[in-house]
Amino acid sequence: MDQLVRSNNDRAVSPAVGVVLLVTITVLLASVIAVFAIGVTDDIGEKPTFAALDLTFEEAPASAPDYGAFRWDITLTNTAGETVEADEIAVYLDHGNQRVAGTLDRSLRPGETVGLTIVHNNQDGDTIPPDLNCTNVDVACRLAGDDGNFPDDERIRLQMIHEPSGSILYRKQIGISGSYGIFNGNPDDIDITDETLTFA
């Protein structure tokens, strides 16, 4: 009989203590998971605070009859929301393995529009429109006309990236006309260049 009584008194823990231990472990696990989740979120980077950016592409007709189309105009408008900081946005225009990048050198307030132009001139450079200057930061002048000077691709890819988060805000494949590329150099020594322009 004494043995039976003793075994009842030798229990390791009561049910109340077990419940307390389970609750404590649950709270600790929740805290660890929350800290981890916050850390991962911080690593992702900031999301855009502006409401909308409008990116447009236009292929303008050439001034010389020998070239079907040779001018690309890209405009960027902050249509609403917060001011876009200069280091937040990058625009990439890819044609085959060639690229022109567009960046901002100042903040873009709501309602403001900026642009850049890529001109495809012939080897003599006499088809540059009079309103453009190839030395401007927002103008890229490129070789056009002869086979081998341009990628064999009748489409370009235009995309806009939010740099802090890496989010793709805009991506589109666009059909183009004419035979030209974004090579920079002379026909005898063609050099592929990836140029960065500044929206102005």
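The values are calculated or read from the model by the stated rules, or taken from the named source; none is laboratory data. Note that the structure is predicted; figures quoted are calculated from it, not measured. Please note: Cβ atoms are built from the backbone with ideal geometry, for glycine as well, and neighbour counts cover all protein chains shown.
Within the range 73-107, how many residues are in a strand (DSSP E or B) and touching a residue at least 60 places away in the same chain (Cβ under 8 Å)? Residues meeting the conditions: 15.
Tallying residues that are crowded, with 22+ Cβ neighbours inside 10 Å and hydrophobic (A, V, I, L, M, F, W, C) within the range 86-107 yields 4.
When you scan the range 115-126, do you find a residue that is modelled with pLDDT of 90 or more, over 13 Å from residue 74 (Cβ atoms), surrounded by fewer than 20 Cβ atoms within 10 Å (Cβ to Cβ) and within 20 Å of the chain's Cα centre (by Cα), even just one? Scanning the range 115-126 turns up no residue that is modelled with pLDDT of 90 or more, over 13 Å from residue 74 (Cβ atoms), surrounded by fewer than 20 Cβ atoms within 10 Å (Cβ to Cβ) and within 20 Å of the chain's Cα centre (by Cα). Only a single criterion out of (1) aliphatic (A, V, I, L, M); (2) modelled with pLDDT of 60 or more; (3) assigned to a helix (DSSP H, G or I) is not satisfied by residue 40, namely (2).
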